[in-house]
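Notes follow once the structure below has been shown.
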Amino acid sequence: MSAARPQDGVFGIAATFWTAPDIYHACEKVRDAGYRRWDSYCPFPVHGLHHAMGLKRSRVPFFTFIGGMLGFLTGLTIVWYMNMDYPLVVGGKPYFSPVFPFPIFYELTILLAAFGTLGGMFITNRLPRHNHPLFDYQPFLQTSDDRFMIVIESSDPAFDPDRVRALLEEAGGEEITVVAPGAQAA
Amino acid sequence: MPPPPPPPTLTDTAGPLGPGEVAGTVKPVDLPRKPLVLGDRSYHWVTEKVCGICEQKTPTWWWWSFAIACGIASFTLMGLVYLVATGVGVWGLANPVNWGWAIVNFVFWIGIGHAGTLISAVLCLLQQRWRTSINRTAEAMTIFAVVCAGIFPLFHVGRVWFAWWLFPLPNANWIWPNFRSPLEWDVFAVSTYGTVSVLFWYMGMIPDLGTLRDRAQSTWRRFFYGTLAMGWRNSSRHWHNYEMAYLLLAGLSTPLVLSVHTIVSFDFAASILPGWHTTIFPPYFVAGAIFSGFGMVLTLILPLRAVFGLHDLVNQYHIDAMCKITLATGSMVGYAYAMEFFIAWYGANPYEGFAFINRAFGQYAWAYWIMISCNVISPQLFWFRKIRENTALVWIISIFVNVGMWFERFVITVTSLANDFLPSSWGYYSPTIVDIFTFFGTFGVFSVLFLLFLRFLPLIAFSEVKALSLPQADPHNHDHPQNQRGQEARG
């Protein structure tokens, strides 16, 4: 997709950390060094790490809102349509009012907002993605247990293997490894 | 001996202090926090403990329990087959009591579910970190309880093959459902509740499923957990969106859980029957639901803790908290019982007044007093720490809570129907053996589902436990012994 670089075939450079404070401060360093295409991997959401990484507010609420509005309008429409399609006088009351079927709107708002939230989480995270170069790097699998990892990706415009390695070393990273899909990095 | 120097105070320095200086002078009081996970455990220990449960060889007791649970579940199956083959007449329903055990069991099971959502959603919004040890189990309980609850209204409609008419779908006569009926609201409330509970449960489980996938040795496990984990890779960018989504789902589930039992109570409250037609029903039902749900959570979690040795993860702190919520909601329920009586008297409606006198001293007085002793009296024992610390006793009281809450629904449903306005149409309701078998079997259905959950899915939300219950997870807690390693490496 971008111009050929000497790092072709390399996904990025990974460094391992062992504690939450370490990954937190390392992320601050990588953020301040100005990298854009990088990520940290933690077995649990480290509190405040998005600040240390300089991430923007999540866009999931947008999807929740769309879902919720869709649910409310769906509820409104089905009740209105069905009372017009088969007019049934109940207690001499009007065929439609937004008040009596409110529980229907309420529940459908929540239902579709919940689907919007889950869907929004998948969309913003670009999931499901079952195949990722990092899954081939054996120590990476321990990030779901007790390891923390920072990976600076080769697609970053400022990616330079030596400088990235130096930065990660300075940040306290261990086992700094070039992750190349296909070739199992040593 | 010279006098010791006076301790430094804010007024010691010349001139007003800047904000930084104040912070430097005044040390915040350091109160020790009660640890949520005992034994100063590491991240790895938590992973091993929880994943180990579904990775070990299937224990013998599991097979025995599973077989027994299947046997019990078959009672529901046989009861329903007989019902469908014969007709609703095989249940004990007859004029004037046309709502019997079916609705009682429905409200009972749906109420049990509420504690799961309360733990996962409301306690999440209130930042109660102890919830992480029990929320997964409680959410699973919710879903399986909703499954059991759904059986009853579904078959209560009589011709179950027309149950889809409950949903607003065009049928042969092009008649649509009546949206003024609380029973129709119930269809939407309960189906939304079931669906959102599954979504919440599943989303919370994705990171843990990712861990199980990463640890998987066999191909089918890698495939099974891999598919469910959706390629989750613990990226902090993902966690960021995930946490937002989790918070939003908690925010959505909170009004949902309150609305579900409110709408269930509308089934009664929107009628004109004495004893049902009261405005206290929605909050009273919600409190009762949470009460019964916590009873069930305690009933389930205490044996699990013993069987799997989870004493560090689910410790006295958690049991105390659950007992206190049971006590609080049990007292609310007791208050509601008292208030119903007061309003029946104060409202000066002779039918209403009779309905309540009849509840306490009429033909169903035995059920009423079982309800009072189980729901109002037994949780009051949780005021005493000695009792909260006695696990066996807590477990027994939790059973009482479950029994009491079933009887509450029985009392509400049956007493009002059996003795309404006209003494000439009074009756006495008794369940048939088919009613009893069908209800008994739902405990088997629940247990089958719950045992499968224990076998295949992580029963504790361990990524949340790591984040919220382990002190070393705080990125500013540099002094924690388990956070020293990186500092030593840096020198």
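The values are calculated or read from the model by the stated rules, or taken from the named source; none is laboratory data. Predicted, not measured: the structure shown is a model, and the values here were computed from it. Every residue, glycine as well, gets a Cβ built from its backbone with ideal geometry; the counts of neighbours run over all protein chains shown.
Does B:S218 qualify as being farther than 15 Å from B:T117 by Cα and facing chain A (nearest Cβ under 10 Å)?
For B:S218, the condition - farther than 15 Å from B:T117 by Cα and facing chain A (nearest Cβ under 10 Å) - is not met.
Condition first: facing chain B (nearest Cβ under 7 Å), part of a helix (DSSP H, G or I) and surrounded by fewer than 16 Cβ atoms within 10 Å (Cβ to Cβ). Now tell me which residues in region A:46-91 satisfy that.
A:D85
Looking at (1) surrounded by fewer than 20 Cβ atoms within 10 Å (Cβ to Cβ); (2) facing another protein chain (nearest Cβ under 9 Å); (3) charged (D, E, K, R), which one does A:E28 not meet, given that it meets all the others?
Single failed check for A:E28: (2).
Give the residue that is surrounded by the most Cβ atoms within 10 Å (Cβ to Cβ), with candidates limited to residues of region B:25-66 that are acidic (D, E) and away from chain A (no Cβ under 14 Å).
B:D40
Kindly provide the set of residues from region B:277-311 that are over 20 Å from the mean Cα position of the chain (by Cα), modelled with pLDDT of 90 or more and surrounded by 18 or more Cβ atoms within 10 Å (Cβ to Cβ), ordered by number.
Scanning region B:277-311 gives a single hit, B:F308.
Restricting to region B:79-114, give me the number of residues that are under 18 Å from B:I263 (Cβ atoms) and outside any helix (DSSP H, G or I).
Of the residues in region B:79-114, 1 are under 18 Å from B:I263 (Cβ atoms) and outside any helix (DSSP H, G or I).
Quick check: anything in region B:448-459 within 14 Å of chain A (Cβ to nearest Cβ) and touching a residue at least 12 places away in the same chain (Cβ under 8 Å)? Show your work before the answer.
Residues of region B:448-459 within 14 Å of chain A (Cβ to nearest Cβ): B:458.
Remaining after also requiring touching a residue at least 12 places away in the same chain (Cβ under 8 Å): B:458.
Checking region B:448-459: at least one residue is within 14 Å of chain A (Cβ to nearest Cβ) and touching a residue at least 12 places away in the same chain (Cβ under 8 Å).
Let's see how each residue does on (1) closer than 30 Å to B:A306 by Cβ; (2) surrounded by 19 or more Cβ atoms within 10 Å (Cβ to Cβ); (3) modelled with pLDDT under 95; (4) within 20 Å of the chain's Cα centre (by Cα):
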residue: B:A338; (1), (2), (3), (4): no, no, yes, no
residue: B:F342; (1), (2), (3), (4): no, no, yes, no
residue: B:F354; (1), (2), (3), (4): no, no, yes, no
residue: B:R359; (1), (2), (3), (4): no, yes, yes, no
residue: B:Y364; (1), (2), (3), (4): no, yes, yes, no
residue: B:N375; (1), (2), (3), (4): yes, yes, yes, yes
residue: B:P379; (1), (2), (3), (4): yes, yes, yes, yes
residue: B:R388; (1), (2), (3), (4): yes, yes, yes, yes
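If you go through region B:419-447 one residue at a time, how many are free of Cβ contacts under 8 Å to residues at least 12 places away in the same chain and more than 18 Å from B:W91 (Cβ to Cβ)?
3
Given (1) part of a loop (DSSP other than H, G, I, E, B); (2) under 23 Å from B:T117 (Cβ atoms), where does A:E107 come up short, assuming only one miss?
Tallying (1) part of a loop (DSSP other than H, G, I, E, B); (2) under 23 Å from B:T117 (Cβ atoms), A:E107 fails exactly one: (1).
Scanning region B:202-251 for residues that are part of a helix (DSSP H, G or I) and of a type in the set (K, R), which turns out nearest to B:A121 (Cα to Cα)?
Restricting to residues being part of a helix (DSSP H, G or I) and of a type in the set (K, R), the top hit is B:R237.
May I ask you to list the residues in region B:44-67 that are free of Cβ contacts under 8 Å to residues at least 12 places away in the same chain and either within 19 Å of A:Q142 (Cβ to Cβ) or part of a helix (DSSP H, G or I) (or both)?
Answer for region B:44-67, where residues must be free of Cβ contacts under 8 Å to residues at least 12 places away in the same chain and either within 19 Å of A:Q142 (Cβ to Cβ) or part of a helix (DSSP H, G or I) (or both): B:H44, B:W45, B:E48, B:G52, B:T60, B:W63, B:W64, B:A67.
Among the residues of region A:122-139, count how many are at the interface with chain B (Cβ under 8 Å from one of its Cβ atoms) and outside any loop (DSSP other than H, G, I, E, B).
Looking only at that region, the number is 4.
Restricting to region B:246-273, and then to whatever is hydroxyl-bearing (S, T, Y) and surrounded by fewer than 24 Cβ atoms within 10 Å (Cβ to Cβ), can you tell me which residue is nearest to B:W426 (Cα to Cα)?
B:S271
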